[in-house]
Structure formats: C-alpha cells, structure tokens
Amino acid sequence: MIPRELIGTAQVPGGEELRLYRHDRDFMIVLDRNELMSSRLSGSEIALAEQSCARIAGAERPAMLIGGYGMGFTLRAALAKLPADAHVTVAELVPEIIEWARGPMQDLAAGCLDDPRVRLVMTDVADVIRANGLNVGGTGYDAILLDVDNGPDGLVRAANNQLYSTRGLRAARSALRPGGVLAIWSAAKDANFTQRLKHVGFDVEEIEVRARSNGKGAKHVIWFARD
C-alpha cells in the first residue's frame, strides 16, 4: 500500500489552506476534506477548453482568458486547439499553484506556461475581467473560462462569489467580444445560477460532462453563455 505524501501547502488569500499530495504517480490538491483537483480526473477540465474553442472557431487571432490554472488541463487542451496567433491569459491567485506546476508537477504541466501564446498574471481573475471590459476601453476576449472554485458556490474563497453574482456576470459579459462565450465549470448543477445567467442577458447552454477523460466518473456541469 503506497501512502499519500504531503508535498506542499498554500494559503488562499482570504480563504483556507490548500494541500498538495502525491500518491504514486498521481497528484491531488485538497481543501480540508474536499479533493478539489486530481491528476486522475481531467475530463471535464479538458471539455471546458475544447468546447469553448469549438464555439469561437471562427474568431480571428482569438483572445482567451482562463481563470484558475489548477493543474493545467484546461490550458493545455486550449493550446492544442487554438491557432498560432491566439493569445491566452491565465489568471492565478495562488503563487504556490504555479510553483507546483513548475516544480513537482512539471511533467504534468508539459511546458504549457512557457508557450509563447500564454501570458500569466498573478491576480484575481475578477480584476482582469473588469480591466478588460469593452465599456471601459479594454480589448475584451473571445472566450472567458472560469474554473476558480467548485462552481458558483464559493468553497475555496468567499470572494469568488463576486464572479458569479449578477454584477460579476455583467462584468464578464461586458468583457466579451461580439460572438464571445463565457464558460463556467461546476462540480454540480445550480438552477438558480442558470436563471441568473439568463437574467443578465445571456443565452445559456448547460451541458454535463464526466470527470474522467474516459467518459466515466462523476458528472460535472459546464455553462456556455453568449449574448
């Protein structure tokens, strides 16, 4: 029996402590007793990227914002689909997440953070969204992908709730270019959040995807919201 090894901890600003474990060749990021991320479970994170890319396939020099690096599954999947002239901004709030990606999980990262199309910003993705709103003179994005918590119910950090509030969703809508898409990952369904997206003015498509890339595991939810 191979024991689980604690190899790092990180304090989430305004939140609780994250713990990085290694078990054999697998990695897990844990909050309290909740396993937030696992290298064994990448299916829905990959789907978030691939299906977002499919929805902006006609965009010229597409610009994408990814909120939360996690274990990099979404970023790597997006880079595999986006053209050479794309621009991808990754907003990550916790420095240790990137340190782990460049350290113990560097094989898993596969150099994605060093791709010339990628710009890494160490800040709250909500701030990036507000700064790039078309109504404030920003350049906007063709796609905004949010996977910064367990979904609209802030588990890791209470301040994440601002992203999913009516005000936060309006800010995201203003930061989308014409034809752009806001894609939001969640561990579970949330009918109230679906209605909130519609109230803000989005056309909403809600799909279920499996946690594992082999089509097995728990069902996760992705909302795709467009004007």
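A few notes on this one:
Per-residue answers, yes or no, for (1) part of a loop (DSSP other than H, G, I, E, B); (2) of a type in the set (A, V, I, L, M); (3) surrounded by fewer than 21 Cβ atoms within 10 Å (Cβ to Cβ):
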| site | (1), (2), (3) |
| --- | --- |
| Asn161 | no, no, yes |
| Gly179 | no, no, yes |
| Ala183 | no, yes, no |
| Lys189 | yes, no, yes |
| Phe193 | no, no, yes |
| Glu205 | no, no, yes |
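- The condition of being open to solvent by 10 Å² or more (accessible area, probe 1.4 Å), in contact (Cβ under 8 Å) with a residue 60 or more places away in the chain, touching a strand residue (DSSP E or B) at 6+ places or on another chain (Cβ under 8 Å) and not polar (S, T, N, Q) does not hold for Glu92.
- Applying the condition of being of a type in the set (Val, Ile, Thr) and modelled with pLDDT of 90 or more to the stretch 11-52 and asking which residue is surrounded by the most Cβ atoms within 10 Å (Cβ to Cβ) yields Ile29.
- Subset of the stretch 1-10 that is without any contact (Cβ under 8 Å) to a residue 40 or more places away in the chain and of a type outside the set (Asp, Glu) - its residue that is most open to solvent (accessible area, probe 1.4 Å): Met1
- The residue pairs whose first member lies in the stretch 136-149 and is under 17 Å from Leu36 (Cβ atoms), whose second member is among the basic types (Lys, Arg) and surrounded by fewer than 24 Cβ atoms within 10 Å (Cβ to Cβ), and whose beta carbons are closer than 8 Å, counting only pairs six or more residues apart or on different chains, are Asp149/Arg157.
- Matching residues in the stretch 118-146 - criterion: being open to solvent by less than 40 Å² (accessible area, probe 1.4 Å) and closer than 21 Å to Met71 by Cβ: Val118, Val121, Asp124, Val125, Val128, Ala143, Ile144, Leu145, Leu146
- So Ala80, is it of a type in the set (A, V, I, L, M), open to solvent by 20 Å² or more (accessible area, probe 1.4 Å) and modelled with pLDDT of 95 or more: yes
- Of all residue pairs spaced 6 or more apart or on separate chains, those with beta-carbon atoms under 6 Å, a first member in the stretch 113-131 that is more than 26 Å from Ala80 (Cβ to Cβ) and in contact (Cβ under 8 Å) with a residue 12 or more places away in the chain and a second member that is assigned to a helix (DSSP H, G or I) and open to solvent by 40 Å² or more (accessible area, probe 1.4 Å) are Ala126/Gln162.
- For Thr139: the one exception among (1) modelled with pLDDT of 95 or more; (2) not in a helix (DSSP H, G or I): (1)
The values are calculated or read from the model by the stated rules, or taken from the named source; none is laboratory data. The shown structure was predicted, so the numbers you read here are calculated from the model rather than taken from an experiment. FYI the Cβ positions are ideal-geometry reconstructions off the backbone, even for glycines, and counts take in every protein chain you see. Please note that ligands, DNA and RNA were not included when accessible areas were found on the heavy atoms of the full protein model with its side chains. Shrake-Rupley method; radii C 1.70, N 1.55, O 1.52, S 1.80 Å.
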